[in-house]
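Colleague: Structure provided below as structure tokens; questions to follow.
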Amino acid sequence: MTDLDLSAEPVELTAALVDIPSVSGEEQHIADAVERALREQAPHLEVVRSGQAVLARTNLGRGSRVVLAGHLDTVPINDNLPVRRTGSGADEVLHGCGTVDMKGGDAVMLHLAGKLTEPRHDLTFVFYDCEEVAAEHNGLNRIERELPDWLAGDLAIVGEPSNATIEAGCQGTLRVEIRTTGTRAHTARAWMGENAIHAAEPILRRLLDYTPRNPVIDGLQYREGLQAVRIEGGVAGNVVPDSCVVAVNHRFAPDKSLAEAEAHVREIFDGFEVTVVDASGGALPGLSSPAAAELVAAAGGEPVAKLGWTDVARFAARGLPAVNFGPGAPTLAHTQQENVAASDIRHCADVLTRFLS
């Protein structure tokens with residue numbers, strides 16, 4: 001049994017969380033520890049359990065509510081546990097699976113949950129499961145079905161790594177498969193067949209000629225993209241292939257709806273068979289909302305656009321302005337070299353304390 005000390009400095013909480021293995025689908029140990037700590041050390045919070053997710057909230061009757069969300073799971077361990085620490089003081093760095101994605105952010109949330117007994121906004125903390133696997137398994141789906149009022153609020157802050165900078169909104173993502181067909185033949189008599197891989201040349205040409213949009217939304221620069229990510233075709237080394245599939249990923253700015261993104265891709269590949277295999281809408285920055293503006297002021301510096309997709313989109317779909325704000329570099333997530341600077345963890349905790357106190 002692992003005990004977490006909510007009064008500990010958030011860097012120490014990060015180290016404690018990292019040392020609890022919690023690969024997706026195996027979050028019970030860490031969820032038990034989080035639930036026990038909140039129930040025993042934060043009597044000012046209402047706490048509920050949903051599967052391997054733990055939720056806690058204040059009920060102070062404030063005029064607004066801020067939702068802070070973070071997933072407890074990690075990608076599979078890659079010979080990078082237990083936590084390893086290098087440097088000291090302002091130069092200290094924590095190394096290990098989950099340090100960046102996203103137990104540093106979870107530690108900040110737990111620190112705030114224990115510390116802020118009289119916040120200026122009511123607070124909801126959502127520690128959820130199975131974010132690192134297929135979207136259908138994401139614990140937020142279950143919470144939305146069974147406890148939807150726990151996801152209500154005026155602003156959502158997702159503690160995904162953002163270099164300790166506010167990343168507002170997020171891009172949408174659309175994956176499609178574009179299929180060409182042909183006629184099989186022996187390659188010794190290739191003229192008797194029709195090569196489906198060769199027929200994919202116009203698809204690749206359209207991708208090469210594509211010019212993406214780079215719109216500015218709420219003063220933030222987004223960059224769209226359209227990329228082939230996989231190509232499949234052929235059955236043997238002496239057979240003219242009769243089928244080829246090109247998988248294409250479209251990342252689109254949040255001023256474009258899913259329907260508009262799909263229509264755009266179908267227009268680009270007009271004349272070909274296009275099948276949508278995965279789609280998630282983006283999230284507008286929402287920085288003009290009062291709570292978001294307060295957060296930006298507390299953080300100082302300039303917010304930037306989130307160029308990937310995160311669960312902020314789920315909150316935005318529910319009408320909450322949503323931002324990513326967490327310690328660590330996203331480029332280190334899922335790598336064996338995953339590490340987070342202690343200064344990033346402390347900075348995020350300080351900013352959110354100023355904003356919420």
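A short reminder: the numbers here are calculations on the coordinates, not readings from a lab. The model shown is predicted, which means the values in this text are computed figures rather than measured ones. Because the Cβ atoms are built from the backbone with ideal geometry, glycine has one as well, and the counts that use them run over all protein chains shown.
Colleague: Determine, from the Cβ-Cβ distance of MET192 and SER289 and an R0 of 41 Å, the FRET efficiency 1/(1 + (r/R0)^6), rounded to the nearest 0.05. Don't skip to the answer; put the middle values down first.
Modeller: Working: r = 65 Å, r/R0 = 1.58.
Here the calculated transfer efficiency is 0.05.
Colleague: How much length is gained if the chain between ALA228 and ARG184 is pulled fully straight, taking 0.36 nm per residue apart and subtracting their Cα-Cα distance, in nm to one decimal? Don't jump to the answer; show the numbers that get you there.
Modeller: Working: separation 44, 0.36 × 44 = 15.84 nm, distance 2.47 nm.
Here the segment from ALA228 to ARG184 would lengthen by 13.4 nm.
Colleague: Ok, one more. When the Cα centres of the stretch 109-152 and the stretch 189-258 are compared, how far apart do they sit, in Å?
Modeller: Answer, in whole Å: 37.
Colleague: Hey, can you grab everything whose amide H is under 5 Å from the amide H of ILE231? Only 5+ residues off in sequence or another chain; H modelled, so Pro and N-termini drop out.
Modeller: The answer is ALA247.
Colleague: Once you place label points 7 Å from the Cα toward the Cβ at SER243 and ALA298, how far apart are they in nm?
Modeller: Those two pseudo-labels are separated by 5.4 nm.
Colleague: Mind listing the phi-derived Karplus ³J(HN,Hα) values for the stretch 108-115, rounded to whole Hz, using 6.51, -1.76 and 1.60 with θ = phi - 60°, and x for any glycine or proline?
Modeller: So the J values, rounded to whole Hz, are 4, 4, 5, 4, 5, 4, x, 8.
Colleague: Within the P(r) computed for the stretch 1-123, what percentage of the Cα pairs occupies the region above 26 Å? It would help to have the intermediate numbers written out before the result.
Modeller: Details: 1575 of 7503 pairs.
The answer is 21 percent, as a whole percent.
Colleague: DSSP beta bridges in the chain, what fraction antiparallel, as a percent rounded to 5? Walk me through the numbers on the way to the answer.
Modeller: Values: 48 of 65 bridges.
Of all bridge pairs located within the chain, approximately 75 percent are antiparallel.
Colleague: Report the local net charge at ASP350: Lys and Arg +1, Asp and Glu -1, summed over other residues whose C-beta lies under 13 Å from its C-beta. Show your work: numbers first, answer last.
Modeller: On the way: positive: LYS115, ARG346, ARG354; negative: GLU9, ASP344.
Taking every other residue near ASP350 into account, the sum is +1.
Colleague: Please compute the net charge surrounding ARG49, taking Lys and Arg as +1 and Asp and Glu as -1 over other residues with Cβ under 13 Å from its Cβ.
Modeller: On the way: positive: ARG36, ARG39, ARG142; negative: GLU27, ASP32, GLU35, GLU46, ASP129, GLU146.
Cβ neighbours under 13 Å give a net charge of -3.
Colleague: A further question on this structure: Which value, in debye to the nearest 20, gives the size of the charge dipole of the stretch 172-280 about its Cα centre, when Lys and Arg are +1 and Asp and Glu are -1 at the Cβ? Each step should come with its number before you reach the end.
Modeller: Numbers: 12 positive and 15 negative charges, 61 e Å.
Charge dipole of the stretch 172-280: 300 debye, to the nearest 20.
Colleague: Still on this model: What does the convex hull of the Cα atoms come to per residue for the stretch 172-280, in Å³? The partial results should precede the final answer.
Modeller: Numbers: hull volume 10.1 nm³, N = 109.
Per residue, the Cα convex hull of the stretch 172-280 comes to 92 Å³.
Colleague: Turning to a different aspect of this structure: Antiparallel versus total DSSP beta bridges in the stretch 41-195: what percent is that, nearest 5? Could you put the intermediate results ahead of the total?
Modeller: Working: 13 of 24 bridges.
DSSP beta bridges in the stretch 41-195 are roughly 55 percent antiparallel.
Colleague: Same structure, new question: Treating only the Cβ of Lys, Arg, Asp and Glu as charged (+1, +1, -1, -1), what charge dipole size does the chain show about its Cα centre? Round to the nearest 20 debye.
Modeller: Details: 30 positive and 50 negative charges, 132 e Å.
Once rounded to the nearest 20, the dipole reads 640 debye.
Colleague: Would you please report the Å³ per residue occupied by the convex hull of the alpha carbon atoms in the chain?
Modeller: Details: hull volume 54.1 nm³, N = 357.
Taking the convex hull of the Cα positions in the chain, it is 151 Å³ per residue.
Colleague: Another question about this same structure. Name the most mobile residue of LEU110, LEU17, LEU332, meaning the one with the largest mean-square fluctuation, in a Gaussian network model of the chain with Cα contacts below 10 Å.
Modeller: LEU332
Colleague: Right, something else. Once you put a point 7 Å from the Cα of ARG213 and another 7 Å from the Cα of HIS347, both along the Cβ direction, what distance in nm separates them?
Modeller: 3.2 nm
Colleague: Arrange MET192, MET102 by Cβ neighbour counts within 10 Å, fewest through most, would you?
Modeller: Details: MET192 11, MET102 32.
Arranged by neighbour count, lowest to highest, MET192, MET102 become MET192, MET102.
Colleague: I would also like to ask the following. In the chain, if the dipole is taken from +1 on Lys/Arg beta carbons and -1 on Asp/Glu beta carbons about the Cα centre, which of ALA342, ALA259, PRO21 is farthest to the positive end?
Modeller: In the chain, that residue is ALA259.
Colleague: Taking loop as defined by DSSP and a crowding limit of 16 other beta carbons within 10 Å, which trypsin sites (Lys or Arg not before Pro) in the stretch 238-340 fit?
Modeller: Counting only loop positions with at most 16 other Cβ atoms within 10 Å, the trypsin sites (Lys or Arg not before Pro) in the stretch 238-340 are ARG318.
Colleague: Where does the chain land at 222 nm, in deg cm²/dmol rounded to the nearest 500, when only DSSP H runs of n ≥ 4 count, each adding -39500 (n - 2.57), divided by all residues? Spell out each step's value before the answer.
Modeller: On the way: 9 runs with 94 residues, N = 357.
Helix-only estimate at 222 nm: -8000 deg cm²/dmol.
Colleague: Could you put GLU262, GLU132 in order, starting from the residue whose Cβ has the fewest other Cβ atoms within 10 Å?
Modeller: Values: GLU262 18, GLU132 21.
With the fewest neighbours first, GLU262, GLU132 line up as GLU262, GLU132.
Colleague: Could you check which residue among ILE231, ILE157, ILE345 shows the biggest mean-square fluctuation in a GNM of the chain with a 10 Å Cα cutoff?
Modeller: Sorting by GNM fluctuation, first place goes to ILE231.
Colleague: Quick one: which residues, 5 or more positions from LEU68 or on another chain, have an amide H under 5 Å from its amide H? H modelled 1.01 Å from N in the peptide plane, none for Pro or chain starts.
Modeller: THR124, PHE125, VAL126, ILE157
Colleague: Fewest first, what order do TRP150, TRP309, TRP191 take by the number of other Cβ atoms within 10 Å?
Modeller: Numbers: TRP150 20, TRP309 17, TRP191 7.
With the fewest neighbours first, TRP150, TRP309, TRP191 line up as TRP191, TRP309, TRP150.
Colleague: To continue, here is another question. To the nearest 0.05, what FRET efficiency results for ARG145 and GLN41 with a Förster distance of 25 Å applied to their C-beta separation? Please list the in-between numbers first.
Modeller: On the way: r = 29 Å, r/R0 = 1.17.
Once rounded, the FRET efficiency stands at 0.30.
Colleague: Which is farthest toward the positive dipole end of the stretch 277-352 among ALA316, PRO330, PRO303, measuring Cα position about the Cα centre, with Cβ charges +1 (Lys, Arg) and -1 (Asp, Glu)?
Modeller: Most positive-ward Cα: ALA316.
Colleague: Follow-up. With the chain treated as a Gaussian network of Cα nodes joined by springs under 10 Å, which of ALA292, ALA37, ALA185 yields the largest mean-square fluctuation?
Modeller: Comparing ALA292, ALA37, ALA185 in the GNM, the peak value goes to ALA185.
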